[in-house]
Amino acid sequence: MSHSAQAKAQYNFNKLQKRLRRLTGQAVMDFNMIEEGDRIMVCLSGGKDSYTLLDVLQHLQRVAPIKFDLFAVNLDQKQPGFPEHVLPEYLDKLAIEYKIVEEDTYSIVTDIIPEGKTTCSLCSRLRRGILYRTAKEMGATKIALGHHRDDMIETLFLNMFYGGKLKSMPAKLMSDNGEHMVIRPLAYCKEADIEQYAIHQAFPIIPCNLCGSQENLQRKHTKAMLAQWHKEHPGRIESIFTAMQNVVPSHLTDNQLFNFTDLQTGAVIDGGDIALDKPDIATVTEVDYSADNNNDATIINLS
């Protein structure tokens, strides 16, 4: 590679790294994810997302005006052929506190789930329970997961298509057992950026082969649908994510969320019935936080 090509590659990586760090910091601030004195358990699966999460949080720990601790936890589920040495060797180099939790969930899942059926749901429930228990044992105040913007959008459509709910992954939520706070610091980050970052950093990726690397079919179809939309309609994915942050309960049909029963004439609520009228302005715009320029944002024309 020529010197100019190397310089260009390094410039592009610096932009990518800056973007991931900035978007993570913005999400942390927007949702008050990290507070003074927190002890954060970073769930490290061995995939690109969790490696990137740990890397960016370590940077944030160095530059943030508050003090907080990080430690990594990996769940060794005893899958045949699982490379047990990879994560300890990687974490030893980082000089970070960590714990490898060994639980044979593989045998449990394969005993219960018929051959050929997806194991994701049961595996996820077992893993979640073990991680909650570990967080309590290790004195964690927050549990950090590596889900990103694309995960959140996919989950929105999965719940709509298959669950009949307008629901996604929140950036911050209370754990199922009510004892922990779960945070997703990569909530504003694109999967494509994370993938490129992981490749550049040469993270030692460990594939999930509990079910033969079989992706959940519904999520796979949803991901393909969104990828096609992104290809055919640039800006649509950004608009969807923006919409997830601009919910208007009075213009939906959930009477538990908005009091339609006692609604009276008088003051116009949330724009009244003109929400879908043609706007007076020439274009409708939104901020694309994946861009990187002097203002850390760019305007996408959605007209």
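The values are calculated or read from the model by the stated rules, or taken from the named source; none is laboratory data. For clarity, every value in this text was computed on a predicted model and none was experimentally measured. Here the Cβ is made from the backbone with ideal geometry for all residues, glycine too, and neighbour counts use every protein chain on show.
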Hey, does the stretch 155-167 have a residue that's within 20 Å of LEU20 (Cα to Cα) and not β-branched (Val, Ile, Thr)? no
Could you please give the count of residues in the stretch 133-157 that are touching a His at 6+ places or on another chain (Cβ under 8 Å) and either within 24 Å of ILE240 (Cβ to Cβ) or surrounded by 19 or more Cβ atoms within 10 Å (Cβ to Cβ) (or both)? 4
Going by the structure shown, is LEU57 within 27 Å of PHE241 (Cβ to Cβ) and buried (at least 18 other Cβ atoms within 10 Å of the Cβ)? yes
Go through the stretch 158-173 residue by residue and tally those that are without any contact (Cβ under 8 Å) to a residue 40 or more places away in the chain, of a type in the set (A, V, I, L, M) and either surrounded by fewer than 17 Cβ atoms within 10 Å (Cβ to Cβ) or not assigned by TED's automatic domain parsing to the domain that holds GLN58 (or both). 2
Can you tell me which residue in the stretch 66-82 is surrounded by the fewest Cβ atoms within 10 Å (Cβ to Cβ), limited to those that are at pLDDT 95 or above and within 17 Å of MET41 (Cβ to Cβ)? LYS67
Of all residues in the stretch 83-110 being of a type in the set (Phe, Trp, Tyr) and in a helix (DSSP H, G or I), which is modelled with the highest pLDDT? TYR90
Of the numbered conditions (1) outside any loop (DSSP other than H, G, I, E, B); (2) farther than 24 Å from MET160 by Cβ; (3) modelled with pLDDT of 50 or more, VAL287 fails exactly one; give the number of that condition. (3)
